[in-house]
1. For peptide B:145-157, how many partner chain Cβ atoms fall within 10 Å of a residue's Cβ, on average?
2. Using θ = phi - 60° and the Karplus relation 6.51 cos²θ - 1.76 cosθ + 1.60, list the HN-Hα couplings for segment B:246-251 in order, rounded to whole Hz, with x at every Gly or Pro.
3. Using the Cα gyration tensor of segment A:384-423, with a ≥ b ≥ c the square roots of its eigenvalues, what is the shape: rounded (a/c below 1.5), prolate (a/b larger than b/c) or oblate (neither)?
4. So if I place +1 on the C-beta of Lys and Arg and -1 on the C-beta of Asp and Glu, and nothing else carries charge, what would the dipole magnitude of chain B be about its Cα centre? I want it in debye, nearest 20.
5. Among DSSP beta bridges whose residues both lie in the protein assembly as shown, state the antiparallel percentage, nearest 5.
6. Within 10 Å of each Cβ of A:439-448, how many other protein chain Cβ atoms are there on average?
7. Under unit Cβ charges (Lys, Arg +1; Asp, Glu -1), what dipole magnitude, rounded to 20 debye, does the protein assembly as shown have relative to its Cα centre?
8. What list of ³J(HN,Hα) couplings, whole Hz, do you get for segment A:37-44 from phi and the Karplus terms 6.51, -1.76, 1.60, once you set θ to phi - 60° and write x for glycine and proline?
Amino acid sequence: MQRRHFLHSTGSAAALSVFGTGLPVASSHAQDRFAKYKGQTLVISVPSHPHYDAMMKLLPEFTKQTGIKVEADRLQILRMKDKQLLEMAKPGGDYDLVSYVVMWKGEYVKKNLIRELEPFLKNTALADPGFDMTDIVPGYLENLGLVGGPKGYLPGPGAKLYGLPYGAETSILAYRKDIFDKLNLQAPATYEDMVKLLPILKDKAGMGALTSRGQAGHQCTHAWLLHLNPMGGKVFDAQWKPVFNNATGVKALEFFQQVVVTGPAGIPAFGQGEMMTAFLQGQAAMYLDSTVIFGPVRDAAKSKVDGKVSYALHPKGVRYASQSGGLGLAIPRNAKNPDAAFLLMQWLLSKSQDVAVSKLGGAPTLLSTLSNADMVRQYPEYITLREQLKYLDLDWRPIIAEWDEINVQALGVAISEAITGKKAAQEALDGTVPKVTQIMQRGGYLKA
Amino acid sequence: MKTKPWVPAVYLGPAVLVMALACLYPVLSAVQLGFFNWSMGTPWSNAQWVGLETFQRVLHEPSVWRSLKTTLLFAAIVVSIEMALGIALALALEGQVRGMAFFRTLFILPMMIAPIAVGLTWRYLFDTQFGLLNALLGALGLEPVAWLAQESSAFIAIIVADIWQWTPFVFIMMIAALANVDRSVLEAARVDGANWWQITFLVKLPMVMHIIAITLLMRLIDAFRVLEVIYILTFGGPGEATEILSLYIYKTAFVGQQLGAAAAISVLLLVVVFGLSWAALRLSNPFREKH
């Protein structure tokens, strides 16, 4: 945003654009921007994830263009945090740029481990005049980047930018068009439609109805949240009191139980990988989860369903509310090469590189990529995604430090017990309220 | 010439000091951490002294006791089966049988594989959709089983994976021990008319009881520390069915960021393992009898 102001107030730049000579000048400025950092080696911490698999293929081009080398330390997504915390807490860390899960942003800022981005964006020696912050999907930017606003994580007064989305995602419904056509069925528009459709697909499609995550811990909680929010539920009320065991929470969990019964066998053990594989290998007729599925569906090495899949909005309950999550990039406070790290971050989020990463199976971050005519022709799912992004629920889950413990060790146990039939939905959720209350008291959100 | 009493202390002192520091420092650090509220990524100077509060809290946590119960059951089953199988395999392969070197190598292979790879391998074997076990069931015309999605079968799955990986350790220890049994004693037993059962259970195994005790002790300690395989296979689920204490500690420390609580539970685990180790050494203590 600052760069736009800068550009608008600079008459010469505007004139150059009008006369069509902006590109060479911008290119020469770009050379100046990178020259100082040529020969530096950036160490980045990124996950094994389809979006970052695609990003890795772009890095040689970055080095070729800028002379800045990049070394990537790749880890399983949920194990990155331990190492990042240890590295970023040292006086001089090894990482120059870290990829983080949205849940970690508040904690990293609270512990003063990552840098605010405003100074970089204001630095004319670093910021690219062509870098357009308003082109980033607003919901992604607010969800991944802002800290300090209402509730600590929402946009509003006090919020500051600490990271940029890269590998951000929302939820979407993918379904087997061939099966639906054969059975003369319509894609479900609402949860009521879903409830009716699940047993029909189970009986007639010759495969599970809807695939889902279900493994104990983070995975099954994630799956339940996907249904809770559209049904109008929340984990906490405005005073941080647990309300997840109310009628809506129970209804969402009972729906999840039905998904398990009618879905591919083994859902209670499915992580994200198994959940996706079941759909990609033709074991389930529907998928309702992250948009990260776009790339793998087209990947012949992973998918048997390329050309058979259509997309629809995440079904409506009492409202539309799709997942807000995924990954972002931030610069550690103790980075040895913070300026070069910013240059990489900015380069990755340039219009051309966002198109490039999307073509390689990554997730688009920019509005311009989603409305790029060539890309839409190639990836018609972007039409549905653009519509889905209007319903991104930024308060989809509480992004507070206590959430990880609640997510894995409280709700993640209760929901797992409910979907394996050990406990009824109401009993399972009621049983975990004391533990969640205790965690929130310990965190200072509730009085003891 | 009589050795002066301070000479052994000079020779052994440095080694004893290094060992004591290397062993005691982490233990004392864990105990110390239990008295503080500290979060990873913040300076230690920010840690708050909370006294015994964390210890009291974790001792009143039902899931800690559930996890301890799961751990004891898991350890009892896997160690018993591994000891029995390992000893049986060693007895079967101790002689000069054709192809013995091949079998010995084959049997110790699982132990050499990284636990993460073991976890992944078994996860794929138990996979409901594409796993080998269900493919075999399918070939027999049976319905697939969601092995890792049901409490009892998931618990059996972690037991099977552990037995597969660690029976070779017992085997290798026992084969070495049996090789050192004095042949003349066995010959004497044979001359006295003892049959195979009598020679094995009344002569051979009692002669290697020290090694059996040490092996039992090592397996017992390891069974309480196993983490990676269960992390990959079930992540402690379904529910808490396979959440053994080391995984609970991991989650408390690195998911919940409750390092003090994790340290306090580690101390509890240490006490339990110490008690069991003491009991195992009561069975046959080579250190005591050497004197």
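1. 4
2. For segment B:246-251, the Karplus-derived couplings read 5, 6, 4, 5, 4, 5 Hz, x marking Gly and Pro.
3. Values: a/c = 4.92, a/b = 1.68, b/c = 2.93.
Verdict is oblate for segment A:384-423.
4. Numbers: 17 positive and 16 negative charges, 185 e Å.
It comes to approximately 880 debye.
5. Values: 24 of 38 bridges.
Taking every DSSP beta bridge with both residues in the protein assembly as shown, the antiparallel ones total about 65 percent.
6. Numbers: counts 2, 0, 0, 4, 0, 0, 0, 0, 0, 0.
Per residue, the average neighbour count from other chains is 1.
7. On the way: 66 positive and 57 negative charges, 181 e Å.
Approximately 860 debye in magnitude.
8. 9, 4, x, 5, 10, 8, 10, 10
None of the figures in this text is laboratory data; all of them are computed from the coordinates on show. Small disclaimer: the values here were computed from a predicted structure and weren't measured. All Cβ positions, even for glycine, are placed from backbone atoms using ideal geometry, and neighbour counts span all protein chains on display.
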